[in-house]
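One structure is given below, encoded as structure tokens.
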Amino acid sequence: MTRRRRKKLTKRLMDAVRHGDSAAVGAILRAGADPNHADRDGTTPLYQASVGGTAEIVRQFLTAGAAPDAESGHGDEGTPLCAAAAWGHGDVVRALLDHGADPSRREDHGTGCSPLDWAARGAHSQAVELLMAARSR
């Protein structure tokens with residue numbers, strides 16, 4: 001695949017994520033989009049879907065091979081699990097954990113907050129419970 005085509009598919013994919021359009025996400029993935037390829041800002045599709053709380057799209061990316069613990073952005077975003085925990089998206093937290101996301105992984109290459117830190121700061125009890133249970137396994 002050419003670099004130009006990859007950039008185009010990534011842009012279309014990110015637009016579909018922002019609109020919560022799971023059918024379009026599926027079609028773009030089938031067309032060859034890489035679920036791990038970040039946009040020009042360094043944002044990964046999985047991170048964007050995690051911030052937005054779209055569990056169905058998160059599961060699509062994970063099934064397509066998206067890395068559940070990959071950091072997003074250029075130092076200003078973090079991991080998908082930290083994002084979901086920070087926003088209190090319990091269904092997304094569950095999906096990420098079910099696909100192997102590390103509940104203890106701190107963002108900023110291990111020096112920042114953990115998903116549990118974010119969930120507790122936001123008083124997101126469902127996310128706190130899910131993360132505590134996952135850490136005790």
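Throughout, read-outs are computed from the coordinates displayed, never taken from laboratory work. Just so it is clear, the structure is predicted and the values come from calculations on it, not from any experiment. Here the Cβ positions follow ideal geometry from the backbone for every residue, glycine too, while neighbour counts run over all protein chains shown.
Taking chymotrypsin sites (Phe, Trp or Tyr not before Pro) across the range 1-98, none is in a DSSP loop with at most 15 further Cβ atoms lying within 10 angstrom of its Cβ. Within the shell defined by Cβ-Cβ distances under 15 Å, the residues around Ser136 carry a net charge of 0, with Lys and Arg each +1 and Asp and Glu each -1. Shape of the chain from its Cα gyration tensor (a ≥ b ≥ c, root eigenvalues): rounded if a/c is under 1.5, otherwise prolate when a/b > b/c, or oblate? It is prolate, given that a/c is not under 1.5 and a/b is the larger ratio. Across the range 20-50, the residues whose backbone nitrogen lies under 12 Å from the label position 7 Å along the beta-carbon direction of Arg6 are 33-39. In order along the range 41-48, the phi-based Karplus estimate (6.51 cos²θ - 1.76 cosθ + 1.60, θ = phi - 60°) of 3J(HN,Hα) comes to 8, x, 7, 8, x, 5, 4, 4 Hz; Gly and Pro are listed as x. Quick one: angle between helix 125-135 and the longest Cα principal axis of the chain, in degrees between 0 and 90, rounded to 10, please. With rounding to tens, the tilt is 90 degrees.
Scalar couplings 3J(HN,Hα) for the range 29-40, obtained by applying the Karplus form with A = 6.51, B = -1.76, C = 1.60 to θ = phi - 60°, are 5, 5, 6, x, 5, 8, x, 9, 7, 7, 7, 5 Hz; x denotes Gly and Pro. Remark on Ser72: its backbone amide H falls under 5 Å from those of Gly78, Thr79, a criterion applied only to residues 5 or more positions apart or on other chains, H modelled at 1.01 Å from N.
Segment Ala123..His109, full-extension length gain: 2.6 nm, with 0.36 nm per residue of separation and the alpha-carbon distance subtracted.
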